[in-house]
């Protein structure tokens with residue numbers, strides 16, 4: 001029975017990068033026996049412009065019926081004046097919550113051929129391979145109460161609430177421990193020295209380690225120190241687990257260690273046998289939208305993650321990674337990497353590398 005892949009191009013450069021990922025997926029269907037039905041729906045600002053909702057009901061229902069959802073990017077200045085619940089980003093938060101994708105996997109990987117593209121010295125970032133495990137549906141982005149109120153004296157007061165339960169922390173930590181067991185070690189990042197939610201985070205992670213994962217090396221680190229260590233000695237990290245806010249900030253910081261935020265994919269996962277949400281970690285970049293120069297690698301690698309985690313084709317995920325690596329090694333670089341290749345050039349080069357592989361050839365060591 002065919003699996004379902006739903007593509008949500010979104011806004012800005014989203015349609016451009018998602019279009020290249022779709023080209024790769026369609027090539028795999030035609031040439032490598034990928035048994036996947038591909039659909040596409042409006043989302044984000046495009047959804048608001050069409051029906052007045054950044055998460056149209058049709059898109060919501062299609063996402064829950066899919067096996068994997070691949071998103072481009074959402075947002076742009078033309079929707080900045082919308083009420084908060086009608087902004088494109090609010091649609092994304094609602095989608096994550098509806099899909100109950102509470103574990104966000106974000107990698108920070110330095111390709112050997114791009115080691116000089118990082119703003120840090122090559123000897124600092126060469127061989128970098130960090131996996132962030134970010135809690136995605138709790139914390140300060142979802143906590144209540146929140147809002148802006150006006151005090152009797154006219155002072156405006158903004159409130160966001162950072163809140164976590166034991167169950168929310170434990171389920172994301174269990175996922176992180178499982179991944180760290182296959183790699184080397186786990187660093188849990190919090191602010192337990194000044195935040196009650198951070199103290200609970202550290203206690204729950206420590207207890208889970210003692211009960212179920214004592215074979216995994218566990219370290220704890222405060223979030224501000226982690227931010228410093230990422231630029232001081234990033235290779236000390238392997239798997240990092242942290243909350244929604246710190247995971248958002250630290251993974252974006254780590255992205256720049258790799259040379260471009262346009263290289264890095266992400267996966268948002270929930271319970272087994274439920275659809276996963278896959279997206280590049282970059283934004284909609286409205287300043288370059290429509291110019292055909294956006295880097296599609298992160299979106300194409302997000303497709304690879306979908307193949308691995310939701311569509312049951314790890315072999316094709318490995319093939320995509322190998323093809324991306326080969327294309328980059330051949331110098332097919334968009335302007336963010338100092339090159340002149342267009343968005344379409346990169347997609348074409350990756351498909352050409354896929355075509356050069358034998359169907360059974362392992363593409364990643």
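Give the range 112-137 a look and list any residue that's buried (at least 19 other Cβ atoms within 10 Å of the Cβ) and part of a strand (DSSP E or B), or say none.
130, 131, 132, 133, 134, 135
Confirm whether residue 140 is surrounded by fewer than 21 Cβ atoms within 10 Å (Cβ to Cβ), touching a helix residue (DSSP H, G or I) at 6+ places or on another chain (Cβ under 7 Å) and in the same structural domain as residue 264 (by TED's automatic domain parsing).
When the stated conditions are applied, residue 140 passes them.
Can you tell me which residue within the range 95-111, out of those that are assigned to a helix (DSSP H, G or I) and touching a helix residue (DSSP H, G or I) at 6+ places or on another chain (Cβ under 8 Å), is farthest from residue 169 (Cα to Cα)?
Checking each candidate, the answer is 95.
Here is a list: 29, 69. Which entry is assigned by TED's automatic domain parsing to the domain that holds residue 313, surrounded by 14 or more Cβ atoms within 10 Å (Cβ to Cβ) and free of Cβ contacts under 8 Å to residues at least 24 places away in the same chain?
The conditions single out 29.
Are any residues in the range 277-297 under 11 Å from the mean Cα position of the chain (by Cα) and surrounded by 24 or more Cβ atoms within 10 Å (Cβ to Cβ), and if so, which ones?
277, 278, 279, 280, 282
The values are calculated or read from the model by the stated rules, or taken from the named source; none is laboratory data. Bear in mind the structure is a predicted one, so any value in this text is a computation, not a measurement. Ideal geometry is used to build each Cβ from the backbone, glycine not excepted, and the neighbour counts take in all protein chains shown.
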